[in-house]
Amino acid sequence: MLISVFNAVLIALVTWLAYRYFELRERTSPTEERYSQFVSGVASIVDRLEGYDAAHSLEVAQTAEKIAMADGFEGEQLQALKAAAMLHDVGETLLPREILRTADRLNDEQTYLMRTHPLLGELHLKSRMQAPDEVPAIIRWHHERWDGLGYPDNLKGEEIPKAARILAIADAISAMRHSRSYRPKQYKSQKDIDAEIERQAGLQFDPELAALWLKLSPAAGNN
Amino acid sequence: MLRLQSSWLLEAVGEIGGVDSIFFPCFHRFSALSWLSRKEITLYLNSPIDSQAMLARAWLTSRDGGFSDKNLLKFNQVIKKPLELEMNPFKTWKERLFTSQQLDYLFYWREAAYEIDDEKQREIFWAAVYQILSYWLTSKGFVGRQTLEPDQIMAFCLEQHRSFVKGRTGRIEISNIALDELAVDRNPLVAFPLLFDDEETHETELQTVFHAWFHGHADLEQARRDIKNCLRRYLISFEKTPDYSTFVRLAANADMAVLCWSGRDLPPKLYEQEIVEPMRSAFSSRYGRSRLFFKAVDRSIDAYDYLLVFHS
């Protein structure tokens, strides 16, 4: 008798908790979705300013999400990576427009300026945030290289947070797929892009994540 | 593991006073200083570890171009027949760390470097080996086929070095002096990247392997002891009673001191308790004020970066 009462109370409690959870999720999800759409809108403006011929930020975010989920990212960690991927080049909007839209290769001074965009992006986002958040930090490090020769901080290997390492691969994949104002499309197929990712594993990219991408790639069956 | 963020460091100290030079009594990794080496700031860098000081010289003070084409042609040879393993001083690393082919090249590159007359050129060549070791050690087992042959990766690393040193103008002095013997000149800022005693990372393993290779032996325990010995009283240990007298002595003539470290798996509150408060107490006779800055890196694993600035 006592056990039955206990079970009944337990079932009622679990039902109530589940109800509260779904009610809460229903309340928060649309906000999250709206927020995500808003970020996506901002990202598309950045893409236009950068001179991309496609929705670069969205593509980077989708690739980053694919790698991150396969690597076990979830919850807030995954949300932070997606937001950072959408906004990774936001610092470029603060650079002179002629650098972004030039049809020529950048000279040394322009390259130096261009390389400040992760810092500008981080600084501007951080200045608007009250609580500590990793999104600005991920943006800061999306051009770091596994071998320590990236920028701005020359972080090396595991020093680079995993989210930034994933973003670096996703950004490179997208950049290789499309042309820019100053260069034509460099790779003919996903297979060629994957060969370059493999070649740069352990140099530009985290070798473990590069290997993971090679399994996830749309061309995986052909590799 | 430490993420030194030089621009953040300058922002933090910039709120207190401008700096035209920075003294690093012990830097943790040469390439982390790249951003500062391109600024109009004089850098005084010291590493008590000879192999690390050599790497910094090769990467940060080479302004007149990289490895010459003539030397590249002469010293970046392809080994066509496997070398006699018994002759190889690194033979005990076989399979555990490197393949036979890689060991052949490690032996050949070390010997070939002694044939290079110009010391700067020799150090650039050795420094490329550091990059190659890093590549081989960290990509071992992950990628099905490494598409670059040893001579190709050597050429690639030397080319990277050439791009890295291009346009560097800052004034940089690099020394290799034991911390106890290091003279402490007047300086606006002394920076201490904090190193933790119990930390084993890819980078610490690489530094150990490179140190052994640089000294021509395969004894990693010996290399580890050498490095630890050079860093004694600088390494932070949570196990022992803190003794920060080395830090205080090295900051004796600096207007400001900044400590930087990266933490994970522990909340900021614990770092405040275990590092910030003891450091504040140690530096209290030298500096009247201090300020702690921290940044979130990955809150899911309590990863934060810290800067602790002391000033008068």
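What follows is calculated from the coordinates using simple rules that are stated; it is not laboratory data. Just so we're clear, the structure is a prediction, and the values are computed from it rather than from any experiment. Positions of Cβ are generated from backbone atoms using ideal geometry, with glycine treated the same way; all protein chains shown enter the neighbour counts.
Name the shape class, rounded, prolate or oblate, that the alpha-carbon gyration tensor gives for chain B, where a ≥ b ≥ c are the square roots of its eigenvalues, rounded holds for a/c under 1.5, and otherwise prolate holds if a/b is larger than b/c and oblate otherwise. Here chain B falls in the prolate category.
The dipole here belongs to segment B:184-227: it is taken about the Cα centre, uses +1 on the Cβ of Lys and Arg and -1 on the Cβ of Asp and Glu, and is about 280 debye.
The three principal axes of the Cα atoms in segment A:98-223 give end-to-end lengths of 47, 35, 23 Å, sorted in falling order. Taking amide H as placed 1.01 Å from N in the peptide plane, A:Phe205 has its amide H under 5 Å from the amide H of A:Trp146, each at least 5 places away in sequence or on another chain. The trypsin sites (Lys or Arg not before Pro) of segment B:215-312 that meet both conditions, a loop assignment by DSSP and at most 14 other Cβ atoms within 10 Å of the site Cβ, are B:Arg232, B:Arg233, B:Lys240, B:Arg264. With contributions of -39500 (n - 2.57) from each DSSP H run of at least four residues, the per-residue ellipticity at 222 nm computed over chain B stands at -11500 deg cm²/dmol. Which shape class, rounded, prolate or oblate, goes with segment B:180-312 when its Cα gyration tensor gives a ≥ b ≥ c as root eigenvalues, a/c under 1.5 marks rounded, and past that a/b bigger than b/c marks prolate? Because a/c hits 1.5 or more and a/b fails to exceed b/c, segment B:180-312 counts as oblate.
Between B:Gln273 and B:Met87, what FRET efficiency comes out of the Förster formula 1/(1 + (r/R0)^6) with R0 = 56 Å and r the beta carbon distance, rounded to 0.05? The pair B:Met87/B:Gln273 has a calculated efficiency of 0.55. Computed from phi, the 3J(HN,Hα) profile of segment A:76-89 under the Karplus parametrisation 6.51, -1.76, 1.60 (θ = phi - 60°) reads 4, 4, 5, 4, 4, 5, 5, 4, 5, 5, 5, 10, 4, 9 Hz, with x in place of Gly and Pro.
Once you've got the Cα coordinates, tell me which of B:Lys81/B:Lys140; A:Lys156/A:Lys215; A:Lys162/B:Lys81; B:Lys228/B:Lys269; A:Lys215/B:Lys39 are over 32 Å apart. From B:Lys81/B:Lys140; A:Lys156/A:Lys215; A:Lys162/B:Lys81; B:Lys228/B:Lys269; A:Lys215/B:Lys39, over 32 Å: A:Lys162/B:Lys81; A:Lys215/B:Lys39.
What stretch of chain B, leaving out the sites themselves, is the longest with no GluC sites (Glu not before Pro) in a DSSP loop having at most 15 other Cβ atoms within 10 Å? Excluding the exposed sites themselves, the longest stretch runs over B:116-198. The H on the amide N of B:Phe192, modeled in the peptide plane, is under 5 Å from the matching H of B:Val258, B:Leu259, B:Cys260, each at least 5 residues off or on a different chain. Mean partner shielding of peptide A:156-166, defined as the number of other chain Cβ atoms within 10 Å of each residue Cβ, is 5.
Ordering A:Ile169, A:Pro96, A:Trp146 by the projection of their Cα atoms onto the charge dipole of segment A:40-177, which places +1 on the Cβ of Lys and Arg and -1 on the Cβ of Asp and Glu, puts A:Pro96 at the extreme positive end.
When you filter the trypsin sites (Lys or Arg not before Pro) in segment B:127-203 for DSSP loop state and at most 16 other Cβ atoms inside 10 Å of their Cβ, you are left with B:Lys140, B:Arg145, B:Lys166, B:Arg168, B:Arg171, B:Arg186.
Report, in whole Å, the centroid distance computed from the Cα atoms of segment B:98-128 and segment B:283-312. Segment B:98-128 and segment B:283-312 have Cα centres spaced 41 Å from each other. Computed from the Cα positions only, the extents of the protein assembly as shown along the three principal axes stand at 83, 64, 63 Å, in decreasing order. Need one number: the % of Cα-Cα pairs in segment B:144-214 sitting beyond the 16 Å mark. Counting pairs separated by more than 16 Å, the tail of P(r) holds 77 percent. In this entry, segment B:59-186 is assigned a mean projected area of 10.9 nm², taken as a quarter of its C-alpha convex hull surface.
For trypsin sites (Lys or Arg not before Pro), the sites in segment B:1-104 that DSSP calls loop and that have at most 10 other Cβ atoms within 10 Å are B:Lys80, B:Arg96. Near the amide H of B:Ala303, within less than 5 Å, lie the amide hydrogens of B:Asp265, B:Val297, B:Asp298, all on another chain or at least 5 residues away, with H placed in the peptide plane. What is the Cα centroid distance between segment B:3-63 and segment B:193-257, reported in whole angstrom? Here the answer is 17 Å between Cα centres. Our coupling estimate for segment B:74-81, obtained by passing each phi through the Karplus curve with A = 6.51, B = -1.76, C = 1.60 and θ = phi - 60°, is 7, 9, 9, 8, 8, 8, 8, 10 Hz, Gly and Pro reported as x.
Along segment B:209-217 the Karplus relation, 6.51 cos²θ - 1.76 cosθ + 1.60 evaluated at θ = phi - 60°, assigns HN-Hα couplings of 4, 5, 4, 5, 4, 4, 8, x, 9 Hz to successive residues, with x for each Gly and Pro. For segment A:79-148, the spherically averaged projection of the C-alpha convex hull amounts to 5.7 nm². For the protein assembly as shown, the share of DSSP beta bridges that are antiparallel, to the nearest 5, is 50%. Averaging the sequence gap over all C-alpha pairs within less than 8 Å and six or more residues apart, then dividing by the number of residues, gives chain B a relative contact order of 24 percent.
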